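The values are calculated or read from the model by the stated rules, or taken from the named source; none is laboratory data. None of the values given here were measured: they were computed from a predicted structure. Here the Cβ is made from the backbone with ideal geometry for all residues, glycine too, and neighbour counts use every protein chain on show. Surface areas here come from the heavy atoms of the whole protein model, side chains and all, with no ligands, DNA or RNA. Shrake-Rupley method; radii C 1.70, N 1.55, O 1.52, S 1.80 Å.
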Amino acid sequence: MFYTLLAFVLIQFIPVDKTNLPVDEKVNFVMVEKTPSKIVSMLKSSCYDCHSNETRYPKYASVAPVSWSIKSHVEEGRDHMNFSVWKNYNNDLKKSMLEKSIQTIENRSMPLPGYIVYHNEANLSTAERKVLSKYFGEVLKTLK
């Protein structure tokens, strides 16, 4: 028991970088696509913590090993799609990202169920999911 407690205390000294890169609004999805405010609100509450450089880390993200898991999820989310650098992607990649986004929204695999447990505001209703999927579909049609 003593060694377990000691290990828990010691791992708290392993730093986790929670710095967000600066956001250039000229390449940010919501500005580039002139996204309506209703959609912006949904994206910010349900997607941006893991899929942008605007991550809002909760207080519990400072406690190891939870902090490691959260950081890993954020990095993985940004690797799949980062709204903050949207304009920098080529059209084929944008199409793929939007198609995958529509799929994951409709099959309810995003936002992650574990994320929703601690972030109730991210829990999109069926109607909100339809609106967001439809919007992504409209953006998809504009890509050549």
message: Can you tell me which of (1) open to solvent by less than 100 Å² (accessible area, probe 1.4 Å); (2) free of Cβ contacts under 8 Å to residues at least 60 places away in the same chain is the one CYS50 doesn't meet?
response: (2)
task: Select from the stretch 87-101 the residues that are touching a residue at least 40 places away in the same chain (Cβ under 8 Å) and surrounded by 14 or more Cβ atoms within 10 Å (Cβ to Cβ) and write down the one among them that is farthest from TYR57 (Cα to Cα).
output: LYS95
- prompt: What number of residues within the stretch 10-35 satisfy the criterion of being over 22 Å from the mean Cα position of the chain (by Cα), free of Cβ contacts under 8 Å to residues at least 12 places away in the same chain and surrounded by 10 or more Cβ atoms within 10 Å (Cβ to Cβ)?
  reply: 1
query: Hey, among the residues in the stretch 102-119 that are within 27 Å of TYR60 (Cβ to Cβ), at pLDDT 90 or above and of a type outside the set (A, V, I, L, M, F, W, C), which one's most open to solvent (accessible area, probe 1.4 Å)?
result: ARG108
task: Would you check if ILE39 is touching a Phe, Trp or Tyr at 6+ places or on another chain (Cβ under 8 Å), more than 30 Å from VAL9 (Cα to Cα), without any contact (Cβ under 8 Å) to a residue 40 or more places away in the chain and open to solvent by less than 20 Å² (accessible area, probe 1.4 Å)?
output: no
statement: Checked against (1) open to solvent by less than 30 Å² (accessible area, probe 1.4 Å); (2) farther than 16 Å from ASP17 by Cβ; (3) out of contact with any helix residue (DSSP H, G or I) (no Cβ under 9 Å at 6 or more places or on another chain), GLY77 satisfies every condition except (2)
- request: State which residue is modelled with the lowest pLDDT when the search covers only the stretch 55-92 and only residues that are part of a loop (DSSP other than H, G, I, E, B) and under 9 Å from the mean Cα position of the chain (by Cα).
  value: THR55
query: When you go through MET42, MET1 one by one, which is the residue that is in contact with a Leu (Cβ under 7 Å, 6 or more places away or on another chain) and of a type in the set (A, V, I, L, M)?
result: MET42
Given (1) in contact with an Asp or Glu (Cβ under 7 Å, 6 or more places away or on another chain); (2) exposed (fewer than 11 other Cβ atoms within 10 Å of the Cβ), index of the condition SER84 fails: (2)
